[in-house]
Amino acid sequence: MVKSPMSAFTAALATPYPPAGSPIKFDQIVYNAENHYDPETGIFTCQVPGVYYFSYSIHVNGNHALVALYKNGQPIVFTYDEYNKGFLDQMSGSAVLLLDVQDTVYIQIPDDEANGVFAAENVHCSFSGFLIAST
């Protein structure tokens with residue numbers, strides 16, 4: 001039997017207010033058997049070319065929040081939450097992307113003006129991706 005190529009990960013963040021301008025380091029690994037996601041950098045690097053699904057879920061507290069899903073350094077999907085004082089908000093985003101070997105995907109806060117990304121011990125943000133079909 002021929003084994004189908006596989007690539008999948010889920011990682012969580014439990015530290016609030018990650019720095020803007022660089023990939024968010026979702027450092028708590030839920031699943032990453034193929035090690036295509038690097039928790040040290042926050043970057044997924046494609047090893048199996050194909051069509052992928054990526055999603056993220058972000059908690060917001062203390063400030064508005066703007067995050068984006070990036071492919072090869074270019075923002076693909078932006079998500080914004082206008083924070084309401086006294087509430088813990090949540091936002092999410094997703095995308096289907098065609099990737100080649102060595103393409104990179106990550107989540108980033110573009111700038112400090114809207115960095116209300118919040119996480120704590122029992123309030124996790126998450127980033128996931130998986131291969132739908134290889135090409």
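The values are calculated or read from the model by the stated rules, or taken from the named source; none is laboratory data. As the structure is a prediction and not an experimental result, all values here were calculated from the model. Because the Cβ atoms are built from the backbone with ideal geometry, glycine has one as well, and the counts that use them run over all protein chains shown.
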Report summary line: The one condition Ala20 fails out of (1) in contact with a helix residue (DSSP H, G or I) (Cβ under 7 Å, 6 or more places away or on another chain); (2) surrounded by fewer than 16 Cβ atoms within 10 Å (Cβ to Cβ); (3) within 15 Å of Ile107 (Cβ to Cβ) is (2)
Report summary line: Subset of segment 1-55, residues out of contact with any strand residue (DSSP E or B) (no Cβ under 8 Å at 6 or more places or on another chain) and under 24 Å from Ser134 (Cβ atoms), comes to Met1, Val2, Lys3, Asn35, Gln47
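State which residue is nearest to the chain's Cα centre (by Cα) when the search covers only segment 70-93 and only residues that are in a strand (DSSP E or B) and among the charged types (D, E, K, R). Spell out the reasoning first.
In the first step, residues of segment 70-93 are kept if they are in a strand (DSSP E or B); the result is 70-71, 74-81, 89-93.
Then keep just the ones that are among the charged types (D, E, K, R); that gives 71, 81, 89.
Values: Lys71: 11, Asp81: 16, Asp89: 17 Å.
My answer is Lys71.
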**Report entry** Of all residues making up segment 39-63, the number that are of a type in the set (A, V, I, L, M, F, W, C), outside any strand (DSSP E or B) and free of Cβ contacts under 8 Å to residues at least 60 places away in the same chain
**Finding:** 1
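Among the candidates Val105, Val67, Val96, Val117, which residue alone is part of a strand (DSSP E or B), touching a Lys or Arg at 6+ places or on another chain (Cβ under 7 Å), in contact (Cβ under 8 Å) with a residue 40 or more places away in the chain and among the aliphatic types (A, V, I, L, M)? Working first, answer last.
Values: Val67 fails: touching a Lys or Arg at 6+ places or on another chain (Cβ under 7 Å); Val96 fails: touching a Lys or Arg at 6+ places or on another chain (Cβ under 7 Å); Val117 fails: touching a Lys or Arg at 6+ places or on another chain (Cβ under 7 Å).
It is Val105.
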Query raised in the report: Can you tell me which residues in segment 72-115 are modelled with pLDDT under 95, among the hydrophobic types (A, V, I, L, M, F, W, C) and either loosely packed, with under 12 Cβ neighbours inside 10 Å or closer than 24 Å to Tyr37 by Cα (or both)?
Result: Phe87
Query raised in the report: Which condition does Ser55 not pass, out of (1) within 13 Å of the chain's Cα centre (by Cα); (2) farther than 17 Å from Cys125 by Cα, if it passes all the others?
Result: (2)
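Out of everything in segment 120-135 that is in a loop (DSSP other than H, G, I, E, B) and surrounded by fewer than 16 Cβ atoms within 10 Å (Cβ to Cβ), what residue ends up being farthest from the chain's Cα centre (by Cα)?
As a first pass, look at segment 120-135 and keep what is in a loop (DSSP other than H, G, I, E, B): 121-122, 124, 135.
Subsequent filtering for residues that are surrounded by fewer than 16 Cβ atoms within 10 Å (Cβ to Cβ) retains 121-122, 135.
Numbers: Glu121: 18, Asn122: 18, Thr135: 23 Å.
If we take residues in segment 120-135 being in a loop (DSSP other than H, G, I, E, B) and surrounded by fewer than 16 Cβ atoms within 10 Å (Cβ to Cβ), then Thr135 is farthest from the chain's Cα centre (by Cα).
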